[in-house]
Amino acid sequence: MAQKILIVEDEANIAQLLHLYLEKEGYETETAPDGGKAVELFRSYTPDLVLLDIMLPVMDGWSVLKKIRAESKTPVIMLTAKGELSDRVTGLENGADDYIVKPFETKEVLARIHAVLRRTVGEEEVSGEKRLSFDKLVINLDAYELLVDGKRVDTPPKELELLYYLASAPNRVFTRNQLLDEVWGFDYFGDSRTVDVHIKRLREKLEGISDQWSLKTVWGVGYKFEVAGL
Ligand code: CA
């Protein structure tokens with residue numbers, strides 16, 4: 001699957017240039033022309049990386065960075081104006097992964113993106129962070145939080161654990177007994193209908209949100225979290 005980059009830039013020509021160039025290089029992109037839209041898209045689009053301009057309408061790049069860092073470690077590369085050294089320092093201190101000085105060469109942008117993505121890939125496992133993200137879906141087991149299309153959806157712990165367990169092994173089929181053992185524990189006195197009930201409730205929350213993934217029943221076997229293109 002193509003990696004997704006959120007381009008936050010109010011200068012339309014720069015945004016368009018980055019969009020065309022990165023799509024040509026095989027990335028998927030979305031663009032946000034202001035800080036408010038950036039935060040909204042960050043949650044619903046769940047990008048793999050964010051290119052973030054500093055001077056923006058509605059909410060500046062620093063505030064956007066702060067909001068992003070409050071909920072995720074997604075790599076962020078700041079776009080700073082030439083000579084604004086303090087911007088770069090502030091950016092890195094506030095959790096930006098790198099910065100690029102404007103005006104830039106598109107080649108440089110690509111090199112920085114590659115470097116940052118290489119550095120951060122696998123970091124989630126290393127840090128033991130229990131967070132999975134898919135198109136319009138974030139399952140965060142650290143915070144026991146489910147974000148569907150950018151919105152927090154109240155979900156009982158077992159439902160969330162079940163979804164997390166299935167989604168952590170996309171396209172793999174689990175039997176009801178496996179799920180009972182793994183999610184509820186061996187000594188749980190429930191039967192396999194417990195799993196069915198939880199799956200049904202999860203489906204009600206996730207129905208029609210994305211065509212990139214779904215909770216599938218495998219008749220006679222069990223369930224899987226199916227992800228397109230894997
Ligand atoms: Ca700007």
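The values are calculated or read from the model by the stated rules, or taken from the named source; none is laboratory data. Quick caveat, the model's predicted, so the values are computed rather than measured. For neighbour counting, all protein chains shown are included, and Cβ atoms are generated from backbone atoms with ideal geometry for every residue, glycine included. SASA here: full protein model, heavy atoms, side chains in, ligands and nucleic acids out. Shrake-Rupley method; radii C 1.70, N 1.55, O 1.52, S 1.80 Å.
To the nearest 0.05, how large is the calculated FRET efficiency for Asp60 and Ser210 if R₀ is 35 Å and r is the Cβ-Cβ distance?
Efficiency for this residue pair is about 0.70.
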Completion exercise
Residues of region 1-16 with backbone N under 18 Å of the label point set 7 Å from the Cα of Glu40 along Cα→Cβ are 6-12
Completion exercise
Put Val173, Val39 in order of accessible area, largest first, probe 1.4 Å, and you get Val173, Val39
Exercise for the section: Please compute the net charge surrounding Tyr144, taking Lys and Arg as +1 and Asp and Glu as -1 over other residues with Cβ under 10 Å from its Cβ. Expected result: -2
Fill in the blank from the handout: For the chain, the Cα convex hull volume per residue in Å³ comes to 125
Fill in the blank from the handout: Taking the dipole of the chain about the Cα centre (Lys, Arg +1; Asp, Glu -1; charges at Cβ), the one of Ile209, Ala15, Tyr223 that reaches farthest to the positive side is Tyr223
Practice task
Once you have a ≥ b ≥ c as the square roots of the Cα gyration tensor eigenvalues for region 137-230, tell me rounded if a/c is under 1.5, and otherwise prolate or oblate according to whether a/b is larger than b/c.
Solution key: oblate
Practice task
At 7 Å along the Cα-to-beta-carbon direction for both Glu105 and Val227, put a label point, then send me their distance in nm to one decimal.
Solution key: 3.5
Handout entry: Accessible area, probe 1.4 Å, largest first, for residues Met59, Met1, Met78
Key = Met1, Met59, Met78
Practice task
With a 1.4 Å probe and every protein chain kept in, tell me what percent of the accessible surface of the chain is carbon plus sulfur.
Solution key: 51
Handout entry: the chain, relative contact order in percent, only Cα pairs under 8 angstrom and at least six apart counted
Key = 14
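Show me 107-113, 30-36 ranked by packing, highest mean number of other Cβ atoms within 10 Å first. Spell out each step's value before the answer.
On the way: 107-113: 15.6, 30-36: 19.7.
With the highest mean Cβ count within 10 Å placed first, the list reads 30-36, 107-113.
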Completion exercise
For region 136-230, the per residue accessible area (1.4 Å probe, Å²) is 56
